1. Within the stretch A:31-47, is even one residue without any contact (Cβ under 8 Å) to a residue 40 or more places away in the chain, assigned to a loop (DSSP other than H, G, I, E, B), more than 24 Å from the chain's Cα centre (by Cα) and on the phi > 0 side of the Ramachandran plot?
2. What are the residues in the stretch A:189-216 that are under 23 Å from residue B:263 (Cβ atoms) and in contact (Cβ under 8 Å) with a residue 60 or more places away in the chain, if any?
3. Mind listing whichever residues of the stretch B:162-179 are in contact (Cβ under 8 Å) with a residue 60 or more places away in the chain and buried (at least 22 other Cβ atoms within 10 Å of the Cβ)?
4. Out of the stretch B:49-78, which residues are out of contact with any strand residue (DSSP E or B) (no Cβ under 6 Å at 6 or more places or on another chain) and assigned to a loop (DSSP other than H, G, I, E, B)?
5. Being out of contact with any helix residue (DSSP H, G or I) (no Cβ under 6 Å at 6 or more places or on another chain), under 23 Å from residue A:286 (Cβ atoms) and more than 14 Å from chain B (Cβ to nearest Cβ) is true for just one of A:187, A:212. Which residue is that?
């Protein structure tokens, strides 16, 4: 493939999921044997049982990388998404919502096989969220779903660590990374979840070393990757391990590191208080990648991430409700 | 002078002061036209007036660099102090306390001239402190008070930015820095106070560029130095401007930067709650300089600073009440 100027900012690959959110007491988590703050994969039966036990829910399109692509579009960037849904109602909802948000989504819904994936999200009074994902059709996402022209069209191909949980999605991940590098583009990875890192540490370390240009992770994830307790120790390890790392620390803000360039970025205040932390990392990634692909320096890119994260944690749901371009107007000026 | 192995860790130069602390409401500050969190220089008459208006006080030996030397001694390091007191009761208290803490203090009290200096410290309910310094004898500290052998004996000569407020102390400062570099030692500077930086910005910028190996500053001070609003912008400026910078951010912890090495250090929790922030920066400097002069890496040195700062803000007064060596045993092991 002959190198040409990219026509898109970012293409994201991830699990196409509709989130079902409900507010629950902490006791609900212990009654169902759930670990607060983590993401667990559940099967169809467990999904049915848990959904029956949950209180009244709110359905919103989600999926980590999909949320990030929506965030990039909200900044005014051009984003596309690759993922698999079924030809059912939830699949239609997912497709409608992501396109309505301005993201290209070209995969045709699978006419047979398991139903569309969903993530049952329990939000406890401390605004923490506990995720239970029934992947459904998303579990069958594979290399044939990866459009080579789309990958080549984008400055950055953004991969969700969660993909590594399914063999065919892992193949799709590798295929997309190879296509991106073959087209002279960059590959970004989010580590997704501390437990996901625990499941795939050796693979993720090799990926960061060999395949990843831009790493996104939160404090728990980056500490899990290097098996250290202290953020500063992880910071020393990740520096020079990949081209750029953007590390989020909740209320402590974020640190962006690239060789001898390090930026310490403060969290942005949430005037309404923190309602639901779902999507904080996804939206930080959106702001950071928007900045990165638009020529902003790494510090400003980190601050764009902080603006986007603050917006999404101020309300229920993992996609922005206000224009991120408007919210970040001062930084983008 | 022929270079030889240093026999002391740090020698500090600063204003020799006794602190007089009282708890006051915020209204006290506005009634007396004081700016919360700042240090103001006052004359003898103002000191008398303010002292009369203050509630019952606690007298403890203080002075920024002196506090730092006491902290270094509490870690088990060897420290000396150079400063001027008068031959009066407060001068005797200052000399007794600093020696009892294990710090060498060789200056003979001045037999005549103004009385010993004091710092009237008003602690408001938010644990902030507002300093009003009557320098007295400390204002006459000059080059003749600087013992060349003592400077040459120490790995680091530590200078208080406040010295720059008085012409003769400024001479002493320059003299000590030249002696230290002449003996092949390092020079450290604390910027002391944001208003102090405003008074002497051009001089301090030149000092950092030409004379300072190790810079200590809090967020307000480093932002004042470079006239920026955002910590990250100051961080980009200070990096490569001096050999090492250790920057404190109150509850946000500290950032230590030296070329392409950057450490993000978390604040240490204060189990009893924050009582009085007086001395937080002084004691951070103590931990950092103890670590630095004992071969600990910059991250560990920063964490030693955080341990010491957390101890001193947990009680009234700017000197440690517990052994810092004990508190930091895990880090020093």
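1. yes
2. Answer for the stretch A:189-216, where residues must be under 23 Å from residue B:263 (Cβ atoms) and in contact (Cβ under 8 Å) with a residue 60 or more places away in the chain: A:194, A:214, A:216.
3. Correct list: B:162, B:163, B:169, B:172, B:173, B:176.
4. Hits for the stretch B:49-78 are B:56, B:75, B:76.
5. A:212
Results for (1) modelled with pLDDT of 95 or more; (2) buried (at least 21 other Cβ atoms within 10 Å of the Cβ); (3) within 17 Å of the chain's Cα centre (by Cα), shown as yes or no for each residue.
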| residue | (1), (2), (3) |
| --- | --- |
| A:181 | yes, no, no |
| A:189 | yes, yes, yes |
| A:193 | no, yes, yes |
| A:226 | yes, no, no |
| A:240 | no, no, no |
| A:246 | yes, yes, yes |
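Residues are listed down the side, and each one gets a yes or a no for (1) more than 14 Å from chain A (Cβ to nearest Cβ); (2) without any contact (Cβ under 8 Å) to a residue 60 or more places away in the chain; (3) under 19 Å from the mean Cα position of the chain (by Cα); (4) buried (at least 23 other Cβ atoms within 10 Å of the Cβ):
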residue	(1), (2), (3), (4)
B:277	yes, no, yes, no
B:317	yes, no, yes, no
B:324	yes, no, yes, yes
B:330	no, yes, no, no
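Residues checked against (1) within 16 Å of residue A:166 (Cβ to Cβ); (2) touching a helix residue (DSSP H, G or I) at 6+ places or on another chain (Cβ under 9 Å); (3) in contact (Cβ under 8 Å) with a residue 60 or more places away in the chain:
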residue	(1), (2), (3)
A:69	no, yes, yes
A:94	no, yes, yes
A:100	no, no, no
A:105	no, yes, no
A:111	no, no, no
A:114	yes, yes, yes
A:123	no, no, yes
A:130	no, yes, yes
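The values are calculated or read from the model by the stated rules, or taken from the named source; none is laboratory data. Here the structure is a predicted model, which is why all the values come from computation and not from measurement. We place every Cβ from the backbone using ideal geometry, glycine too, and count neighbours over all the protein chains shown.
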